[in-house]
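J.: Attaching a single structure in structure tokens format; questions to follow.
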């Protein structure tokens with residue numbers, strides 16, 4: 001089982017093509033579905049999905065997620081994470097170490113890794129071992145690599161993040177999620193907003209009083225200016241079909 005992939009995600013693949021002269025992007029995709037652990041308890045890989053009203057709109061059913069074998073592979077990765085976290089983190093660390101040796105050192109690539117493609121797991125609090133030394137988290141274990149995520153957990157913006165970890169807050173129209181979003185915005189976080197805009201059509205220029213950039217062009221969020229909105233177009237057949245029932249997607253800017 002390989003955890004990190006380079007070109008299996010359409011947006012990551014597109015970003016690699018656009019930035020290949022300088023950067024190299026990898027991502028880790030676990031299922032976003034709530035699963036049952038071996039001990040009978042449940043684990044939610046995206047704990048604020050209900051609060052933000054995006055559980056049904058989730059990207060798991062778009063792109064390669066429409067294929068059952070892809071969904072099964074994502075589920076198996078998450079099952080390994082929840083049932084044997086030590087082995088999962090050992091595998092992840094080994095893959096990062098290979099990337100450092102073969103891509104960063106040998107080829108002088110600047111590598112960027114998205115650990116939560118459709119999940120929202122707090123890797124800040126998970127220990128990571130590298131070369132026999134235990135670090136507080138994977139970000140501290142691998143300072144040669146840059147990591148980034150989108151998140152719906154605003155409390156992370158209240159922490160002093162490692163210098164090689166960049167977060168973008170997710171947006172929502174759900175009233176109960178506004179405190180979370182405001183918390184992140186007040187602490188300098190950018191926000192990613194999904195708009196119901198067809199491919200090829202322009203996104204709104206201003207949202208929440210901030211400039212909107214086209215986040216569909218690439219996934220290089222680390223290079224984004226501060227105090228902006230990352231505009232994204234709604235994707236996934238099921239999400240588009242049920243747009244009238246969604247509180248996660250904006251049909252117009254505010």
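What follows draws every value from the coordinates through simple rules; no lab data is involved. Remember, it's a predicted structure, so these values are computed and weren't measured experimentally. When we count neighbours, we look across all protein chains shown, and the Cβ atoms used for this are built from the backbone with ideal geometry, even at glycine.
J.: Considering only DSSP beta bridges whose two residues both sit in the stretch 124-254, what percent are antiparallel, to the nearest 5?
T.: 25 percent
J.: I've got another one for you. With 10 angstrom as the radius, rank 140, 1, 169, 89 by how many other C-beta atoms surround their C-beta, starting from the fewest.
T.: So the ranking, lowest neighbour count to highest, is 1, 140, 89, 169.
J.: If contacts are Cα pairs under 8 angstrom and at least 6 residues apart, what is the relative contact order of the stretch 124-209 in percent?
T.: Relative CO of the stretch 124-209 lands at 20 percent.
J.: So what is the 222 nm mean residue ellipticity for the chain from helices alone, if each DSSP H run of at least 4 adds -39500 (n - 2.57) and you divide by all residues, rounding to the nearest 500 deg cm²/dmol?
T.: -7000 deg cm²/dmol
J.: Just to confirm the number: angle between the C-alpha axis of helix 10-19 and the first principal axis of the chain, 0 to 90 degrees, nearest 10?
T.: So the inclination is approximately 80 degrees.
J.: Give the distance, in whole Å, between the Cα centre of the stretch 209-226 and the Cα centre of the stretch 1-21.
T.: So the two Cα centres are separated by 18 Å.
J.: Let me ask something additional. Given a 10 angstrom Cα cut-off, can you work out which residue in 132, 215, 53 is the most mobile in a GNM of the chain?
T.: Most flexible of the set in this elastic network: 132.
J.: Further question: What's the extension gain from residue 130 to residue 69 if we count 0.36 nm per residue and subtract their Cα-Cα distance?
T.: Values: separation 61, 0.36 × 61 = 21.96 nm, distance 3.15 nm.
Roughly 18.8 nm would be gained on extension.
J.: Fewest first, what order do 248, 88 take by the number of other Cβ atoms within 10 Å?
T.: 88, 248
J.: Choose one answer from 234, 161, 92: the residue with the largest mean-square fluctuation in a GNM of the chain with alpha-carbon springs under 10 Å.
T.: 161
J.: While we're looking at this one, here's another question. Compute the relative contact order of the chain as a whole-number percentage, counting only Cα pairs closer than 8 Å that sit 6 or more residues apart in sequence.
T.: Computed value for the chain: 20 percent relative contact order.
J.: Then there is this: If you take every DSSP beta bridge fully contained in the stretch 177-243, what fraction is antiparallel? Give it as a percent rounded to 5. Display every interim value, and only then the final one.
T.: Working: 2 of 11 bridges.
Antiparallel bridges make up about 20 percent of those DSSP assigns within the stretch 177-243.
J.: Given axes a ≥ b ≥ c from the Cα gyration tensor, I'd like to know whether the stretch 4-245 is rounded (a/c under 1.5), prolate (a/b larger than b/c) or oblate.
T.: It comes out rounded by the Cα gyration axes.
J.: Provide, as a two-decimal number, the C-alpha radius of gyration of the stretch 74-156 over 2.2 N^0.38 Å, N being how many residues it has.
T.: Against the empirical 2.2 N^0.38 Å value, I get 1.11 for the stretch 74-156.
J.: Quick check on the stretch 4-245: of the DSSP beta bridges with both residues there, what percent are antiparallel, nearest 5%?
T.: Of the beta bridges lying entirely in the stretch 4-245, close to 25 percent run antiparallel.
J.: Neighbouring Cβ atoms within 10 Å as the yardstick, rank 130, 156 fewest first.
T.: 130, 156
J.: Quick check on the stretch 1-148: take the gyration tensor over C-alpha atoms, sort the square-rooted eigenvalues as a ≥ b ≥ c, and tell me if it's rounded (a/c under 1.5), prolate or oblate.
T.: Details: a/c = 1.95, a/b = 1.26, b/c = 1.55.
Verdict is oblate for the stretch 1-148.
J.: When you take every Cα atom in the stretch 116-246, what is the radius of gyration, and what is Dmax, the widest Cα pair distance, in Å?
T.: 16.3, 52
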